[in-house]
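I have placed the structure first, in the form of structure tokens, so that the comments after it can refer back to it.
The values are calculated or read from the model by the stated rules, or taken from the named source; none is laboratory data. All of these numbers come straight from a predicted model, not from anything done at the bench. Cβ placement follows ideal geometry from the backbone for every residue including glycine, while neighbour counts extend to all protein chains displayed. Only protein heavy atoms, including side chains, enter the accessible area calculation; ligands, DNA and RNA are left aside. Shrake-Rupley method; radii C 1.70, N 1.55, O 1.52, S 1.80 Å.
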Amino acid sequence: MQKVKVRRSGAVIMANLILLLGSLAYIMILAVINGSLGFICAMGVTIFGSIGIAKTLGDVISMSYGTIIALTIGCGVIRGVLRYFEQYSNHYIAFRLLAVLRDKIFTALRILCPAKLECKQKGNIIAMITSDIETLEVFYAHTISPICIAVVVSTCVFIFVGVISSWYLAFVALLGFIVIGIIIPLISSEKLKEFGVAYRTEFASFSAYFLDSIKGIKDIVINNAGKKREVEVSCRSNVLLAETKKMKKNIGKFTALTELIISIFIFITLAVGIILVNKEMLTLGRMIIGVVTVFGSFGPVVAISALPGNLTQTFASGDRVLNLIEEKPVVISVENGKNLDFENLKIENLSFSYDNKIQILSDINMYANKGEIVGIIGKSGCGKSTLLKLLLRFWEKDSGKILYNDNDIDNINTDSLLDNVTMVSQSTYLFDDTIENNIKIAKPEATQKEVETACKMASVHDFIMTLSDGYKTSVGSLGDNLSAGEKQRIGLARAFLRGSKLILLDEPTSNVDSINEGIILKALKEQKNDKCIILVSHRESTMSIADRVYSIKDGKIM
């Protein structure tokens, strides 16, 4: 297996994730204070018990037995209250930040769309929005606070043991904190990083393939490819399971090592305490207080030593999320340019390639005016759909000009461009909602009459009225309740409802029969008076309504 490495270091990822706290930082500080005081109170139960034993053994303790008992009980009660507020604060921050991260991801996807998203697996993106984001919850709720608590508690224990018992015991404890809380996590983090990244990568790949299988289940059944797909899913599942086992096995090794080292330091602390008592450098009572305090102080640093197992996945998820958020779009939105009120379009010497190698379009020249239907005909793969995407500025042109009202497209505000230009693609995506709401996505404030008028123009109204719930009928997940032709006509109804002055139609009748094609073409012809319609198709019959037709062959206007 090829090694997969995190592009950022763990420290950089952690720093970036912490910076996202912003105004929530004060809640995190409160969580650390509550957690530190809570753990000190938990230790207080055994410490006050050891103080009572020391008093019984003859050490001078100013507190009475009643006070010691009261403080022991009080520590236990306060511990519970503080623990609650610590966890509440951590999870409050975590879930608030998860909402912020999802918002940032959707914002990034909107900026990257559609150019960058055409080459990304949809399942991979879904895995990021769900699994990766949930993994980051561990970081905010169970990583930042424990690290801070470990530092605070360890410092307090070091000072307390040094002052109340012996500095020798304090330095033994400090050495244990450093080894368990710093050295082991650093070593295990470095060793586990590769396994964590490999696991997250394989998990995302599996999610993408599995989602693809679900979306294409109908075609899998039709082509009797179920067995082959099942074998591949099983194979990928086994690969993911193997990566999981590798990661868990190595986490288990470091967990066992941590427990062993804790036992060693407990033994060393007890041995040093006994030596100090034998040499009369420390009373038995004070030795018990010191040793009991050290014994009970490894909890926070143990929590740190256990972090790398989760952090490897957290850093891998964090790196993937940060990569998406920081990814630069192919096309930068224009915000300080000119607004458009469409009248005409001119294309001059336009050339374009996706990878600067294979030329898709070369020296394209054409024009279109309001009140016209302009046809573009050509075989599949000749560059027709790419040309429409360039007219919406989904991709940056390589050379030449795209002029709206004699203004270059690169100088027109993106929002204004999208208000004036609408495209109906070959495949219309329908949300798991009603037909009415799917059409209203083009104009949310539209009235029922406007929706019905648009549907009549798209030759889909009569079909909708045959359904039991009419316009309130749910289209189902991925629009599975509708045929390809019905989806296409709903997409066309969206374009009519939106009312844009330039409508780009990419094979608008490819999935309908000749009767509905005639109805749609008649509706388009009736709409051309105050609009410009650019009609792309490989059918010559579709071009019958065009005022002017351009033929594209091998990326060139013929």
Among the residues in the range 417-433, are any hydrophobic (A, V, I, L, M, F, W, C) and open to solvent by 50 Å² or more (accessible area, probe 1.4 Å)?
yes
All but one of (1) of a type in the set (Val, Ile, Thr); (2) open to solvent by less than 60 Å² (accessible area, probe 1.4 Å); (3) more than 30 Å from residue 314 (Cα to Cα); (4) modelled with pLDDT under 80 hold for residue 294; state the number of the condition that does not hold.
(4)
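Per-residue answers, yes or no, for (1) surrounded by 13 or more Cβ atoms within 10 Å (Cβ to Cβ); (2) closer than 23 Å to residue 315 by Cα; (3) touching a residue at least 60 places away in the same chain (Cβ under 8 Å):
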residue	(1), (2), (3)
214	no, no, no
219	no, no, no
234	no, no, no
240	yes, yes, no
243	yes, yes, no
254	yes, yes, yes
271	no, no, no
Complete set of residues in the range 461-472 that are within 37 Å of the chain's Cα centre (by Cα) and crowded, with 16+ Cβ neighbours inside 10 Å
464, 471
Identify all residues within the range 189-238 that are among the basic types (Lys, Arg), at pLDDT below 80 and farther than 30 Å from residue 14 by Cα; write none if there are none.
215, 218
Residue check: is residue 58 open to solvent by 40 Å² or more (accessible area, probe 1.4 Å) and in a loop (DSSP other than H, G, I, E, B)?
yes
Between a first residue in the range 501-527 that is without any contact (Cβ under 8 Å) to a residue 60 or more places away in the chain and at positive phi and a second residue that is open to solvent by less than 60 Å² (accessible area, probe 1.4 Å) and assigned to a strand (DSSP E or B), which pairs have beta carbons less than 6 Å apart while being 6 or more apart in sequence or on different chains?
none
Would it be correct to say that residue 69 is assigned to a helix (DSSP H, G or I), within 46 Å of the chain's Cα centre (by Cα) and aliphatic (A, V, I, L, M)?
no
Only one of (1) under 35 Å from the mean Cα position of the chain (by Cα); (2) among the small types (Gly, Ala, Ser); (3) closer than 25 Å to residue 527 by Cβ; (4) not in a helix (DSSP H, G or I) is not met by residue 381, so which one is it?
(3)
When the residues of the range 440-460 are filtered to those that are of a type in the set (A, V, I, L, M) and over 28 Å from the mean Cα position of the chain (by Cα), which remaining residue is most open to solvent (accessible area, probe 1.4 Å)?
457
Return the residue satisfying two criteria in turn: it lies in the range 153-168 and is hydrophobic (A, V, I, L, M, F, W, C) and buried (at least 22 other Cβ atoms within 10 Å of the Cβ), and of such residues it is nearest to residue 301 (Cα to Cα).
153
Scan the range 441-457 and report the pairs whose first residue is in contact (Cβ under 8 Å) with a residue 24 or more places away in the chain and whose second residue is open to solvent by 70 Å² or more (accessible area, probe 1.4 Å), with Cβ atoms within less than 7 Å and a gap of 6+ or a chain change.
442/498; 443/498
Tell me, yes or no, whether the range 77-94 has at least one residue that is surrounded by fewer than 17 Cβ atoms within 10 Å (Cβ to Cβ) and modelled with pLDDT under 75.
no
Give, as residue ranges, the helices (runs of 4 or more DSSP H) completely inside the range 137-247 that count at least 3 residues that are closer than 26 Å to residue 37 by Cβ.
144-164, 167-178
Sole exception among (1) touching a residue at least 24 places away in the same chain (Cβ under 8 Å); (2) under 18 Å from residue 332 (Cα atoms); (3) touching a Lys or Arg at 6+ places or on another chain (Cβ under 6 Å); (4) open to solvent by less than 20 Å² (accessible area, probe 1.4 Å) for residue 395, by number:
(4)
